[in-house]
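Reading through the structure tokens given below for one structure.
The values are calculated or read from the model by the stated rules, or taken from the named source; none is laboratory data. Nothing here was measured: the structure is a model prediction, and the numbers come from that model. Counting neighbours? That spans all protein chains shown, and the Cβs are built from the backbone with ideal geometry, glycine included.
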Amino acid sequence: MTPSGLEQSTAYTVVWWVVAAMSVIAATLVVRLKDVLRAALALVGVFICVVVLFFMLNAELLAVAQLLIYGGAISILIIFAVLLTRDVQEGSPSNALQIPALALSAGFLAVAAFVVNNTEWRLLSNANLTAAAQERTAEVFGNSTPWLAGLLVREYALPFEVASVLLLAAVIGALALLRER
Amino acid sequence: MITLEHFLTLGAVIFAIGLYGAVTKRNLIVVLMGIELMFNAVNIVVVAMSKYLVPLALQQAPGATDDAAVQTLLTGQVFAVFVITVAAAEVALALGIVIAIYQTRRTADMSELKLMSR
């Protein structure tokens, strides 16, 4: 599949770099800010940036799910937990592991960047697909939601059902944890 | 032009930041935020791979046009769906644990929770 015109446009590139820079800055703020509530708000910023990235990757259903679940539910949960356990004077201190952790993260980043840039990725754009197959590929990415739904309830029906059991267990577990006292 | 490598590198950067936060922070909730950052980084990576890479079914049959082969293009998005589901369950439970600890110990500081050390 050759990339569509939109993905080769300057606007796409500019939007990508802006969103990427915003998400990295917001992620850095999450781990650097002293105020836990502000860190939580920066985390919401990261979630919103990821929503835009999902839209740019033709994953509309995931983008909306990310906005509802992360941007809505999880961020509200985290902010409530911050408000319920707030130690204003303590803030968000670091432990004694700062230097080793920095080395660990930098090491991971170096290895990951090396692997990413030295792997022969089997890209869709130079896969020698026939014209008919390319057309089907464009069809799938042009309207990904029904295809994703079909995949979820047919090929991945068992994990899908197990996920619902997991969510039920999580709900019961959270209730049981908090009503003991 | 934006390529697969751009998305993968961005995912790696956010994962590294999240890892740093999860390892260094003493506040339980900030540790959870670091873990959420790592979840999001992985989601970016799997969705980008779903968009840019050739699935095995199309590698073996470059002319395949049947639904069963073509729909495997979206496998990465299915993985992201499950990651989001597990993350939601994890946050609900973890924040329940944090609040339960806070109710009994009046602290959300990891370094003061030494129930299991001698």
Legend entry - Residue that is touching a helix residue (DSSP H, G or I) at 6+ places or on another chain (Cβ under 9 Å), among the small types (Gly, Ala, Ser) and over 27 Å from residue A:175 (Cβ atoms), where the choices are B:88, B:41, B:92, B:100: B:41
Legend entry - the stretch B:16-31, subset assigned to a helix (DSSP H, G or I) and either more than 7 Å from every other protein chain (Cβ to nearest Cβ) or not hydrophobic (A, V, I, L, M, F, W, C) (or both), residue farthest from residue B:81 (Cα to Cα): B:24
Legend entry - Those residues of the stretch A:79-90 which are more than 7 Å from chain B (Cβ to nearest Cβ), under 26 Å from the mean Cα position of the chain (by Cα) and touching a residue at least 40 places away in the same chain (Cβ under 8 Å), in sequence order: A:79, A:83
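Counting only residues that are over 22 Å from residue B:74 (Cα atoms) and more than 9 Å from chain A (Cβ to nearest Cβ), how many does the stretch B:33-43 have? Give the derivation first.
Initial filter on the stretch B:33-43 (over 22 Å from residue B:74 (Cα atoms)): B:33-37.
Among the residues that remain, those that are also more than 9 Å from chain A (Cβ to nearest Cβ) are: B:35.
Number satisfying all stated conditions: 1.
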Legend entry - Failed criterion for residue B:46 (all others in (1) at pLDDT 90 or above; (2) within 25 Å of residue A:153 (Cβ to Cβ); (3) within 7 Å of chain A (Cβ to nearest Cβ) hold): (3)
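Give me a count of the residues in the stretch A:137-155 that are aromatic (Phe, Trp, Tyr) and either closer than 18 Å to residue A:5 by Cα or more than 7 Å from every other protein chain (Cβ to nearest Cβ) (or both). Break it down into steps so the answer makes sense when it comes.
So in the stretch A:137-155, the residues aromatic (Phe, Trp, Tyr) come out as A:141, A:147.
Adding the requirement that they be either closer than 18 Å to residue A:5 by Cα or more than 7 Å from every other protein chain (Cβ to nearest Cβ) (or both) leaves A:141.
Summing the residues that are aromatic (Phe, Trp, Tyr) and either closer than 18 Å to residue A:5 by Cα or more than 7 Å from every other protein chain (Cβ to nearest Cβ) (or both) in the stretch A:137-155 gives 1.
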Inset, instruction - Being at pLDDT 90 or above and of a type in the set (Ser, Thr, Tyr) is the filter here, so list the residues in the stretch B:72-94 that pass it. - result: B:75, B:85
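Here is a check on your reading of the model: is residue A:46 free of Cβ contacts under 8 Å to residues at least 24 places away in the same chain and closer than 17 Å to residue B:48 by Cβ? Before you say what the answer is, go through the steps one by one.
Details: free of Cβ contacts under 8 Å to residues at least 24 places away in the same chain: yes; closer than 17 Å to residue B:48 by Cβ: yes.
Answer is yes for this residue.
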Legend entry - the stretch B:95-109, subset assigned to a helix (DSSP H, G or I) and either at the interface with chain A (Cβ under 7 Å from one of its Cβ atoms) or modelled with pLDDT of 90 or more (or both), residue nearest to the chain's Cα centre (by Cα): B:95
Legend entry - Complete set of residues in the stretch A:81-108 that are within 23 Å of residue B:87 (Cα to Cα) and modelled with pLDDT of 90 or more: A:105, A:108
Legend entry - Pair list, Cβ < 7 Å and 6+ apart or interchain, from the stretch A:13-26 residues that are surrounded by fewer than 19 Cβ atoms within 10 Å (Cβ to Cβ) to residues that are among the polar types (S, T, N, Q): none
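Please work out which residue is surrounded by the fewest Cβ atoms within 10 Å (Cβ to Cβ), limiting yourself to the stretch A:102-136 and to residues that are in contact (Cβ under 8 Å) with a residue 12 or more places away in the chain, over 24 Å from the mean Cα position of the chain (by Cα) and within 9 Å of chain B (Cβ to nearest Cβ). Write out each step before concluding.
Residues of the stretch A:102-136 that are in contact (Cβ under 8 Å) with a residue 12 or more places away in the chain, as a first pass: A:124-125, A:127, A:129, A:134.
Filter once more, keeping what is over 24 Å from the mean Cα position of the chain (by Cα): A:125, A:127, A:129, A:134.
From the residues that got through so far, the ones that are within 9 Å of chain B (Cβ to nearest Cβ) too are A:125, A:127, A:129.
Numbers: A:125: 13, A:127: 17, A:129: 22.
Within the stretch A:102-136, the match that is surrounded by the fewest Cβ atoms within 10 Å (Cβ to Cβ) is A:125.
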Inset, instruction - Name every residue in the stretch B:50-74 that is surrounded by fewer than 20 Cβ atoms within 10 Å (Cβ to Cβ) and farther than 16 Å from residue A:139 by Cβ, in order of residue number. - result: B:53, B:56, B:59, B:60, B:61, B:62
